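Trainee: Have a look at the structure that comes next, please.
The values are calculated or read from the model by the stated rules, or taken from the named source; none is laboratory data. The shown structure was predicted, so the numbers you read here are calculated from the model rather than taken from an experiment. Reconstructed Cβ throughout: ideal geometry from the backbone, glycine too, with neighbour counts over all protein chains shown.
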Amino acid sequence: MVLCLLLVAATLALYNPVSRHPFVNFDDDRYVTNNLHVRAGLTWSTITWAFTTTDLANWHPLTWISHALDCQIFQLNPAGHHYTNVLLQAADVVLLFLLLQWTTGFTWRSLMVAALFALHPINVESVAWVSERKNMLSMLFFLLALWAYGWYARKPKAGRYLAVALLFALGLMAKPQIVTFPFVLLLWDYWPLQRMFPAQREEAPGTPERPSPRPFSWLVLEKLPLMALSAASAVITIKVQKAGGAVRTVMENPVSVRLENAVVSYARYVKKAFWPSHLALLYPHPGDSLKMWLVAASVLFLLLVTALVLAAPRRRYLAVGWFWFLGTLVPMIGLVQVGEAAMADRYAYLPFLGLFIMVCWGVADWAEQRHIPARWVAIPGLAGLVALAAVTHRQLDYWGDNLTLWSHTLQVTGKNFVAEDNLGGALIQLGRISEAMPHFQRSAEINPRDPVANLNLAINQQQHGQLREAIDLYQKVLLMTGDTILRSDALSYLGSAYRRLGSYGEAEQNYEAALRLAPENNHAWVGLGLLAQRNGDFRQAADHFSRAVAIQPTDVGYVLLGRALELSGHHAEAEVAYQEAQRISADFAKAQEQASQLLAP
């Protein structure tokens, strides 16, 4: 119990600064701040939506429900959302420690693995980024399922097996990254449970009672129902990601390019495990630019380590740790390329446990063989943990605000169009539009088909009166992306450009098309409200403006609502709208001026 409390205290103390961090302007808006279903809290409607939606090219209902519960409790206060992540990390750390201690009988080795997991900077991304809640939630169920499997293995019964399957299914519903769980169980059978190859079973002092050994074929057959769950989850995930436009085609990323990036990424992950420097939110994909010597060296390294662990059959933990690392990374290594990243720190959250087991058990065995006193092993171990905690603390600083986060990402990754886009977006949020545009221009230079950069450049053209040029660029953006949110934004701004040109029919068509894709597009609702007000239908205009401020409350939106209500004869309601505009506005006079400009013929 004392050791568990120590792990919890270390985790909470280290990650406490995230309670002062804002939401990140990358995915946090789609997962939380601009997601009407999540913002509504834990309602039956939200739960139904969570199990049926494929938003963001994912099916992870438990993750959606978790975020909705946070909104129910904390509304949009980022501190609460961040601290839920921290508490989940602490729970995962303690579960990992207890699981290893129970299955292996080694307390201090298990504690060291859990401490590495708690303090290693590679996990900052998973904890400090609200949108990555799914990583820790899926890990929670993964560890519980491993625990249930150990319980089942000691006395196989249908009810116990069902518990394993249920916990595994819950983990998949948080994030399908744990799809390799049945294969991890085969490793777990080899060590530490040692149900596999009983003639080679080894016992150590203090080792808990082992489950009964089984033939290899029986152990494989035993996992078939769980493999069926994995297959179903994989099919659903690929189908949903393809429908959402997240999966890159073979034309975009040939198989040879994917294989080269995969082997190099494996080697880079190992490097970051032992020397965690230059960590970033997103590492751009190198395409076909990787040097062949680097690919060859990475292949040689992977083969060498594999040969070494296989040559040490008495140290079963080496093979288990290494193949845990290699195997659990397969869904995220890029063989099926999703998104723009070559690799990601968050992908290492589960796989690095294998490397931590290899190191902690390996060092302890080496010290025992040489009769080195435990304290002489503990001192450098503690020094290493302190060093890792210091790096983690520094890495957390980069997540303190969006400008720092994306500036650091650009600094350590070089040409990175996604980072340029998000740095530009962070500047726009601060009202520094002129500073943001060069970032979108650089992004478009790096990747001319980047829809985010081109959309923002088109909006800038529209704001400077270059309406025809903006319209042409909006239409190009629609050809560049299958992302429903981006397409909806492009259509809504296209509608605004047509409205300013006096093409009101085309404007209305584009606003309505935008809302069919994304009903929460407040810009499109404002546009329809402006068209209705121009046509003298003030009641309908008020309805549209009301929808807009329900999605995103703004002072300008409430002023527009107040004027529409006033013109429709609802003076009391109009006064309430004006009061709300004044309450949330930093400059009410400016908000009134902007509303008048929007309503001008």
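Trainee: Pairs only if they're at least six apart or on different chains, beta carbon under 7 angstrom, first in region 486-505 and charged (D, E, K, R), second part of a helix (DSSP H, G or I); list them, first residue then second.
Mentor: Arg487/Leu478; Arg487/Leu517; Asp489/Leu455; Arg499/Ala507; Arg499/Gly527; Arg499/Leu530; Arg499/Leu531; Arg500/Leu467
Trainee: Is it fair to say Leu479 is assigned to a helix (DSSP H, G or I), more than 29 Å from Leu12 (Cα to Cα) and more than 20 Å from the chain's Cα centre (by Cα)? Give the steps one after another, and end with the answer.
Mentor: On the way: assigned to a helix (DSSP H, G or I): yes; more than 29 Å from Leu12 (Cα to Cα): yes; more than 20 Å from the chain's Cα centre (by Cα): yes.
When the stated conditions are applied, Leu479 passes them.
Trainee: Right, next: Select from region 562-601 the residues that are in contact with a Phe, Trp or Tyr (Cβ under 8 Å, 6 or more places away or on another chain) and within 19 Å of Arg499 (Cα to Cα) and list them in ascending order.
Mentor: Correct list: Ala564 only.
Trainee: Which is under 30 Å from the mean Cα position of the chain (by Cα) and closer than 19 Å to Asn261 by Cα, of Gly321, Gly287, Gly384? Don't jump to the end; show me each part of the working.
Mentor: On the way: Gly321 fails: closer than 19 Å to Asn261 by Cα; Gly384 fails: closer than 19 Å to Asn261 by Cα.
From the options Gly321, Gly287, Gly384, the qualifying one is Gly287.
Trainee: Kindly indicate whether Trp366 is buried (at least 18 other Cβ atoms within 10 Å of the Cβ) and either in contact (Cβ under 8 Å) with a residue 40 or more places away in the chain or part of a helix (DSSP H, G or I) (or both).
Mentor: Values: buried (at least 18 other Cβ atoms within 10 Å of the Cβ): no; either in contact (Cβ under 8 Å) with a residue 40 or more places away in the chain or part of a helix (DSSP H, G or I) (or both): yes.
Criteria not met by Trp366.
Trainee: Just wondering, is there one or more residues in region 326-336 that are in contact with a Leu (Cβ under 6 Å, 6 or more places away or on another chain), free of Cβ contacts under 8 Å to residues at least 40 places away in the same chain and either on the phi < 0 side of the Ramachandran plot or surrounded by fewer than 16 Cβ atoms within 10 Å (Cβ to Cβ) (or both)? Write out each step before concluding.
Mentor: Of all residues in region 326-336, those in contact with a Leu (Cβ under 6 Å, 6 or more places away or on another chain) come to 328.
Retained after the next criterion (residues that are free of Cβ contacts under 8 Å to residues at least 40 places away in the same chain): none.
Within region 326-336 (the criterion being in contact with a Leu (Cβ under 6 Å, 6 or more places away or on another chain), free of Cβ contacts under 8 Å to residues at least 40 places away in the same chain and either on the phi < 0 side of the Ramachandran plot or surrounded by fewer than 16 Cβ atoms within 10 Å (Cβ to Cβ) (or both)), the answer is no, since none of the residues qualifies.
Trainee: Could you check how many residues of region 4-36 are closer than 22 Å to Asn422 by Cβ, at pLDDT 95 or above, outside any loop (DSSP other than H, G, I, E, B) and in contact with a Leu (Cβ under 8 Å, 6 or more places away or on another chain)?
Mentor: Residues in region 4-36 being closer than 22 Å to Asn422 by Cβ, at pLDDT 95 or above, outside any loop (DSSP other than H, G, I, E, B) and in contact with a Leu (Cβ under 8 Å, 6 or more places away or on another chain): 4 in total.
Trainee: Let me spell it out: the conditions are (1) of a type in the set (Ser, Thr, Tyr); (2) surrounded by fewer than 14 Cβ atoms within 10 Å (Cβ to Cβ); (3) under 23 Å from Asp28 (Cβ atoms), and Ser443 meets all of them except one. Which number is the exception?
Mentor: (2)
Trainee: Sticking with this one: Contact list please: Cβ distance under 8 Å, first residue in region 379-398 and at negative phi and of a type in the set (Val, Ile, Thr), second residue at pLDDT 95 or above and in a helix (DSSP H, G or I), pairs at least six apart or on different chains.
Mentor: Val391/Pro121; Thr392/Leu14; Thr392/Leu119; Thr392/Pro121; Thr392/Asn123; Thr392/Val124
Trainee: What are the residue pairs meeting all of these: first residue in region 168-195, first residue assigned by TED's automatic domain parsing to the domain that holds Gly150 and closer than 23 Å to Arg346 by Cβ, second residue among the aliphatic types (A, V, I, L, M) and outside any helix (DSSP H, G or I), Cβ atoms under 7 Å, and 6 or more apart or on different chains?
Mentor: As it stands, the answer is Gln177/Leu350; Ile178/Leu350, since those pairs meet every condition given.
Trainee: While we're here: Here are some conditions: (1) at pLDDT below 95; (2) under 28 Å from Gly287 (Cα atoms); (3) surrounded by fewer than 18 Cβ atoms within 10 Å (Cβ to Cβ). Leu430 meets all but one. Which one does it not meet?
Mentor: (2)
Trainee: Please indicate, with yes or no, whether at least one residue in region 343-362 is assigned to a helix (DSSP H, G or I), touching a residue at least 12 places away in the same chain (Cβ under 8 Å), surrounded by 23 or more Cβ atoms within 10 Å (Cβ to Cβ) and touching a strand residue (DSSP E or B) at 6+ places or on another chain (Cβ under 9 Å).
Mentor: Checked region 343-362: at least one residue is assigned to a helix (DSSP H, G or I), touching a residue at least 12 places away in the same chain (Cβ under 8 Å), surrounded by 23 or more Cβ atoms within 10 Å (Cβ to Cβ) and touching a strand residue (DSSP E or B) at 6+ places or on another chain (Cβ under 9 Å).
Trainee: Here's another thing I want to ask about it. Taking the stated definitions as given, is Val549 touching a His at 6+ places or on another chain (Cβ under 9 Å) and either buried (at least 17 other Cβ atoms within 10 Å of the Cβ) or over 26 Å from Leu56 (Cα atoms) (or both)?
Mentor: On the way: touching a His at 6+ places or on another chain (Cβ under 9 Å): no; either buried (at least 17 other Cβ atoms within 10 Å of the Cβ) or over 26 Å from Leu56 (Cα atoms) (or both): yes.
Here the answer is no, as Val549 does not meet what is asked.
Trainee: With the requirement that a residue be charged (D, E, K, R) and either at pLDDT 95 or above or assigned to a helix (DSSP H, G or I) (or both), what does region 486-529 give you?
Mentor: Let us first name the residues in region 486-529 that are charged (D, E, K, R), namely 487, 489, 499-500, 506, 508, 512, 516, 520.
Listed by number, the residues that qualify are Arg487, Asp489, Arg499, Arg500, Glu506, Glu508, Glu512, Arg516.
Trainee: Within region 235-269, which residues are basic (Lys, Arg), within 14 Å of His285 (Cα to Cα) and modelled with pLDDT under 90? Before you say what the answer is, go through the steps one by one.
Mentor: Taking region 235-269 first, the residues basic (Lys, Arg) are 239, 242, 248, 258, 268.
Still in the list and also within 14 Å of His285 (Cα to Cα): 248, 258, 268.
Result: Arg248, single match.
Trainee: Moving on. Sort out which residues of region 115-136 are surrounded by fewer than 24 Cβ atoms within 10 Å (Cβ to Cβ) and either without any contact (Cβ under 8 Å) to a residue 60 or more places away in the chain or of a type in the set (Gly, Ala, Ser) (or both), and write them in order of number.
Mentor: Ser131, the sole residue that qualifies.
Trainee: Scan region 275-307 for residues that are touching a helix residue (DSSP H, G or I) at 6+ places or on another chain (Cβ under 8 Å), assigned to a helix (DSSP H, G or I) and not hydroxyl-bearing (Ser, Thr, Tyr) and report the count.
Mentor: Residues flagged as touching a helix residue (DSSP H, G or I) at 6+ places or on another chain (Cβ under 8 Å), assigned to a helix (DSSP H, G or I) and not hydroxyl-bearing (Ser, Thr, Tyr) within region 275-307 amount to 7.
Trainee: Another question, if that's okay. Within region 21-54, restricting attention to residues that are within 22 Å of Thr404 (Cα to Cα) and of a type in the set (Val, Ile, Thr), which residue is surrounded by the fewest Cβ atoms within 10 Å (Cβ to Cβ)?
Mentor: The first filter runs over region 21-54 and keeps only residues within 22 Å of Thr404 (Cα to Cα), leaving 21-33.
After this cut, where a residue has to be of a type in the set (Val, Ile, Thr) as well, the list is 24, 32-33.
Working: Val24: 23, Val32: 21, Thr33: 18.
Top of the filtered list is Thr33.
Trainee: Read through the list (1) without any contact (Cβ under 8 Å) to a residue 24 or more places away in the chain; (2) of a type in the set (Asp, Glu); (3) farther than 23 Å from Gln101 by Cα, then give the number of the only condition that Glu420 fails.
Mentor: In the conditions (1) without any contact (Cβ under 8 Å) to a residue 24 or more places away in the chain; (2) of a type in the set (Asp, Glu); (3) farther than 23 Å from Gln101 by Cα, Glu420 misses (1) alone.
Trainee: Within region 577-596, can you find the residues that are part of a helix (DSSP H, G or I) and farther than 25 Å from Asn535 by Cβ?
Mentor: Result: Gln579, Glu580, Gln582, Arg583, Ile584, Phe588, Ala589, Lys590.
Trainee: May I pose another question? Please pick out the residue among Met139, Met112 that is buried (at least 24 other Cβ atoms within 10 Å of the Cβ), among the aliphatic types (A, V, I, L, M), on the phi < 0 side of the Ramachandran plot and in contact with a Gly (Cβ under 7 Å, 6 or more places away or on another chain).
Mentor: Values: Met139 fails: in contact with a Gly (Cβ under 7 Å, 6 or more places away or on another chain).
Answer to the selection: Met112.
Trainee: Do we have Arg449 as more than 25 Å from the chain's Cα centre (by Cα) and over 19 Å from His523 (Cβ atoms) here? So that I can check it myself, show each step before the final result.
Mentor: Numbers: more than 25 Å from the chain's Cα centre (by Cα): no; over 19 Å from His523 (Cβ atoms): yes.
Taking the combined requirement at face value, the residue does not satisfy it.
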